[in-house]
1. Can you confirm whether segment A:394-411 contains a residue that is over 21 Å from A:A19 (Cβ atoms) and either at the interface with chain B (Cβ under 10 Å from one of its Cβ atoms) or more than 15 Å from the chain's Cα centre (by Cα) (or both)?
2. All but one of (1) touching a residue at least 40 places away in the same chain (Cβ under 8 Å); (2) small (G, A, S); (3) more than 16 Å from ligand 2 (Cβ to nearest atom); (4) more than 14 Å from every other protein chain (Cβ to nearest Cβ) hold for A:A482; state the number of the condition that does not hold.
3. Give B:A418, B:A374 a once-over and let me know the one that is at negative phi, among the hydrophobic types (A, V, I, L, M, F, W, C), assigned by TED's automatic domain parsing to the domain that holds B:L305 and over 9 Å from the mean Cα position of the chain (by Cα).
4. Counting residues that are crowded, with 21+ Cβ neighbours inside 10 Å and away from ligand 1 (no atom under 16 Å from the Cβ), which helices (runs of 4 or more DSSP H) fully inside segment A:136-232 reach at least 3?
5. Looking at segment A:11-26 only, could you name the residues that are buried (at least 23 other Cβ atoms within 10 Å of the Cβ) and more than 9 Å from ligand 1 (Cβ to nearest atom)?
6. Conditions: (1) assigned to a loop (DSSP other than H, G, I, E, B); (2) among the acidic types (D, E); (3) within 14 Å of chain A (Cβ to nearest Cβ). B:E341 meets all but one. Number of the miss?
7. Within segment B:385-405, work out how many residues are crowded, with 24+ Cβ neighbours inside 10 Å, part of a helix (DSSP H, G or I) and of a type outside the set (D, E).
8. Any chance segment A:59-81 includes a residue that's away from chain B (no Cβ under 11 Å), crowded, with 21+ Cβ neighbours inside 10 Å and within 16 Å of ligand 1 (Cβ to nearest atom)?
Amino acid sequence: MAPVLELRNITKRFPGVLANDRISLTLEQNEIHALLGENGAGKSTLMNILYGLYQPDEGEIIVRGRPIKIHSPSDAIRAGIGMVHQHFMLVPVLTVAENVMLGDEMLTAGVFLDRRGAAQRIRDLSKQYGLEVDPDAYVKDLPVGVQQRVEIIKLLFRNADILILDEPTAVLTPQEVNDLFKVIRSLVDQGKSLIFITHKLKEVLATADRITVLRAGRVVGSTTPAQTTEASLAAMMVGREVSLEVEKARAKPGEVVLSLEHLEVLDDRLNVAVDDVTLEVRAGEILGVAGVQGNGQTELVEVITGLRRPVSGSIHILGHDVTGASPRRITELGVAHVPEDRQRDGLVLSYPVADNIALQEYYKPPFAKGVVIDEQAIQKEAARLVQQFDVRTPSVQTPAAALSGGNQQKVIVARELSRPVKLLVASQPTRGLDVGSIEYIHQQIVRKRDEGAAVLLISSELDEILALSDRIAVMYRGRVVAVVDAETATKEYLGLLMAGADPATTPAPERRQRVEVVT
Amino acid sequence: MAESVLREVIPPVTEARHRSLWQRAWEAIQLPALALLTAFLVGGFIIALSDFKVLEALADTTSRLNAIGYILLVMTVAVLVGGTAFSRRPEIILSRLRFVGNVGQARWFGVVSAVLTIGAVIGLLVVIGFGPVLWLAWNAVTSAYGALLEGSLGNPLQIVAALSSGDARAIGLAFYPISESLVASTPYIFAGLAVALGFRCGLFNIGAEGQLFIGALTSVFVGYAITGLPAVVHIPLALGAGALGGAIWGLVPGLLKARVGAHEVINTIMMNYIAFRLSEWLLNGPMKRPGAVPVSPFIAESAQLPRLFPDPIRFHLGFFIALGVAAFIWWFLFKSRWGFEIRTVGANPNAARYAGMNIAFNIILAMCMSGALAGLAGANEVLGVNYNLANAFSSGYGFDSIALALLGRSHPLGVVLAGLLFGTLRSGGTRMQNVAQIPIDIIIVIQALVIAFMAAPAIIRAIYRIVKPGEGEVVFTRGWGR
Ligand SMILES: Nc1ncnc2c1ncn2[C@@H]1O[C@H](COP(=O)(O)OP(=O)(O)OP(=O)(O)O)[C@@H](O)[C@H]1O
Ligand SMILES: [Mg+2]
């Protein structure tokens, strides 16, 4: 049988970048096809071409044996192609049903929105594919995992049978990832075909039928999970051996850098988000905060970095009381912050990379002389960091919006880690990064620790928490339910605590065997 | 094994192609230029269709059409529709016809077929008998736009003749139109800068008109109430008073926005009304010059912005002050720390907060500066042109400047260019009204069309099939579905 989709020699140039270089790819009926590649390899670009958001400079797209031109997403939808973007595209103040109908409105009597009919259709689709959502809920009230289901339902609503998911698992909790893969299975079993992009090799090996690897805009290989391993996939992506383990010496904790006492914080809807949290992070150690997303980690980070005010309790950084202090004051004490939501808080997308590099220190020498911004100095520093952190960008003048998702993240990490830091608050620091970059950034975080910085690491990746942390605090419903020594922690044990098990009655695991690297 | 399929990768060409200055300038200017062109084309249609003689001839010709004429007319419409469709998306139609495989040349098909379509339609209309109508319409449009040009830039023949005669008075008269355009441009530049600065901070300052009024009031007051100062002191003082008055009028909505989140659009509109009524009262009461009309006393001579040429040319120092202020605003926005903050607050307030910027302060600062610039526009009018303030001073400069800032893309250089354009249109429009009997409202229509096209650039891109530079994501979406 002919493949459902065939891309032939797709080439796409952006100013200064060859984003796709004669890429050919086929997608068979009922296939789960994983697309892998470094940050900036051209994965999103290729998929955006398929979805009609970009026009290829050269090449052909063949759907079910017929060559077609895709000028816009509506052409793509007509050809049965649907896409969920790396950054979601939902309207938060509308309900699920309204979001799903957007652009494909069901009408009664030709003019009125048929909300009821749409809701019914959404319920049917939910049942058919195991995608639980409430059509009447407002999108802004939904956790990310459910928002993603809404995005998928949007595609099914439009009868797409070729589905593209761009980094669908980057923002999901492990539980949500499992649910997503169940949904994906049921989609494929019922006749859909699917391409998904990810940086998580384990997921690829567990779910994909076929794997295509891109590097620098080209296809460098194609394989199946049975024929390959995590390590060889990593090597294929990056072009060198990647160490998937973090090497680090035992921590030598020093003075207390961050201390939180009986902190209570409300979220935007005035519910208690952080509930009586008392914690300490010392110089030279990494404290990991584990927890299912939405258990108060976001608010905890915001309150420490001055973006939110606590209701009660106190925050001290290096002995200074910074409870309710401004972000500027906190930054000036030597706090670096890698924010959870890079496009919302961490970057000005319309600014060039260079200005984003200067975003925190634009008012100080060498970036400013008096009131005058020194563009030369900013560009020089930006060029240095772009080089050091391997940010793939045509130039430091390129707007951040034109960078691939992972490279946007690297710009933030480069900015935050390049300063003399006493306390690093890193929220999902490697979200959306490829294995090579993760390796590098993990090394940098450990180096900051070894230089004497205190590190507060928030991550929904248990692997990341386990690999980096010296101590692990588990958050559940706004409380720190336990602080455990990273050496004695296991994934299973943390998983139980994160799900709300009582630490007093949950048996702690045996001491883990651990390779000590003595430096 | 996976490694066996691993091929050697040649790094792609990543030499940063730095586009030349001209290319960048063209990219920045092409949308406004095309918007303007389109607005003039549509304006031309309106002029032709509102011309009495054209309408009469049209009715006359139509009534004499026979059956063949009607058939040809239908054909003409078909040619128009078909030709337009083809020139819009030739590649679709060509690929449907499976006529050519590679439609890389489609753009040329489009341009050529557009030209052919226009030619064919005109030819057919002439054959049917619409020739005289077309000719009348052509005359109406050219005489209107001709008068517009002559009224704003002057008559080239007259200029040459005056220059060769060497007669100072003749030269003055020949350059009078162009000098009037510059005089009209000056307040536009100030007010346009005001709105543009607000835009850069994400603020929609609808209140430029009111701020301009207050600026005029305060500067005229300083101009007539204080006497005996030398001009070098009095002029800056009066200008400063105008800026201060405007700044205070901008401060109020700025404070309300920063402190309680009240939307600046509503509050600046409210402040406009307060300004209008306030000036009405002042001019009828405390500031009234003895006499029947509500008008302020004349300002002292020492407060007048010096005129640079003999009468009747009113061109005065204000124009150069406007250019200087534009240069300063450019420096402020793009080279100074303060401007960086204001722009960041405008581009992404969340990131500005994250980076430790004081959002409330920046909003207040931007509103004050915006108000001060609008106030300067008012001060410039009373100190440079009118020398007093009349109740009917309402010029619409403040409202027009919103369109102007959009057209100038909120960039000081763009604002200067757009200000020159608007000033030219305004002073040329008067002559157009006198000579060609075209109501000056057509200028307002053209300005309105320019705003519409600038506010929806997708229309212009679609009409002229311009690919977006960089072809990036249409909106900068905010991430992770939050
Ligand atoms: N709109 C754009 N304008 C200019 N360059 C772009 C644009 N979009 C992408 N690029 C460039 O094209 C290249 C490929 O980007 P793409 O987003 O496809 O990468 P990706 O493989 O999805 O990476 P990631 O894993 O980080 O998301 C990058 O070098 C990027 O800078
Ligand atoms: Mg991507």
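1. Taking segment A:394-411 and keeping what is over 21 Å from A:A19 (Cβ atoms), we get none.
Scanning segment A:394-411, I find no residue that is over 21 Å from A:A19 (Cβ atoms) and either at the interface with chain B (Cβ under 10 Å from one of its Cβ atoms) or more than 15 Å from the chain's Cα centre (by Cα) (or both), so the answer is no.
2. For A:A482, the failing item is (1).
3. Details: B:A418 fails: over 9 Å from the mean Cα position of the chain (by Cα).
It is B:A374.
4. A:144-157, A:174-189
5. A:I23, the sole residue that qualifies.
6. So B:E341 meets the others, but not (1).
7. 5
8. So far as segment A:59-81 goes, no, none of its residues is away from chain B (no Cβ under 11 Å), crowded, with 21+ Cβ neighbours inside 10 Å and within 16 Å of ligand 1 (Cβ to nearest atom).
The values are calculated or read from the model by the stated rules, or taken from the named source; none is laboratory data. Remember, it's a predicted structure, so these values are computed and weren't measured experimentally. Every residue, glycine among them, receives a Cβ derived from its backbone with ideal geometry; neighbour counts consider all protein chains shown.
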